[in-house]
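Engineer: Below you will find the structure I want to go over with you.
A short reminder: the numbers here are calculations on the coordinates, not readings from a lab. As the structure is a prediction and not an experimental result, all values here were calculated from the model. Because the Cβ atoms are built from the backbone with ideal geometry, glycine has one as well, and the counts that use them run over all protein chains shown.
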Amino acid sequence: MGEGERFRDRAWRLFDFAREILVVCPRCGGRAVVAVHPDHLTCHRYAVQFLTAPHRLTCPGCGLTRDWSPRPARKGDGDLYFAGGPPLAVPRLTGPGDPYFGLPLWLRRRCCGGRTLWAYNAAHLDVLEGYVAARLRERHPNTGSGSLVERLPAWIKAAGNRDEVLAAIRTLRASVTSDRD
Ligand SMILES: [Zn+2]
């Protein structure tokens, strides 16, 4: 989507971009991926199911793998998932660390006076860019507690930061486009 175009909110939520999270590899510093463990790639009908499924970090650069398992909920946990056994804690989707291993996201960059712009993957970056670049932003009629773009911090939405945020997005994009089809 180019600058000046219309942006239509399709009511994306952050979990729509959580199936593949790019992180900094803790061993080599290269780009690693956190995703549902390959042994658990069943059909996840609801987001909460894949969010609480076992996950694996894989680094194509150095071959590191690390596994993450869901844990039973503790007092004070936010969202819980009841799957028959004890309730599981649903990882809190946030940034600029990944929700599973707490590693720095690959796509994160300082801008706008010490703020941190972050995204889980290139598709997430696409939505942020489309939103920030657009002159006209159409809301989705029914987003419940708020879509991803509605919940963006004010500094990303601010017209005065537009150029700086777009420049940061483009720099981040350059770090993932090298091996995109
Ligand atoms: Zn590595």
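Engineer: Output ³J(HN,Hα) for region 65-74: one whole-Hz value per residue in order, computed from phi by the Karplus curve 6.51 cos²θ - 1.76 cosθ + 1.60 with θ = phi - 60°, and x for Gly and Pro.
Structural biologist: Per residue, the Karplus-derived 3J(HN,Hα) values read 10, 9, 10, 10, 10, x, 10, x, 5, 10 Hz.
Engineer: Right, next: Once each part is reduced to its C-alpha centroid, what is the distance from region 5-23 to region 119-136 in angstrom?
Structural biologist: Centre-to-centre (Cα) distance: 8 Å.
Engineer: With runs of 4+ DSSP H residues as the only contributors, calculate the mean residue ellipticity of the chain at 222 nm using -39,500 (n - 2.57) per run, divided by the residue total and rounded to the nearest 500.
Structural biologist: Working: 4 runs with 34 residues, N = 181.
The helix-only estimate for the chain comes to -5000 deg cm²/dmol at 222 nm.
Engineer: At a threshold of 8 angstrom on Cα-Cα distance, excluding pairs fewer than six apart, so keeping six or more, what relative contact order does the chain reach in percent?
Structural biologist: Normalised by residue count, the contact order of the chain is 26 percent.
Engineer: Can you give me the distance in nm between label points at His40 and Asp163, each placed 7 Å from the Cα along the Cα-to-Cβ direction?
Structural biologist: With each label point 7 Å from Cα toward Cβ, the separation is 4.7 nm.
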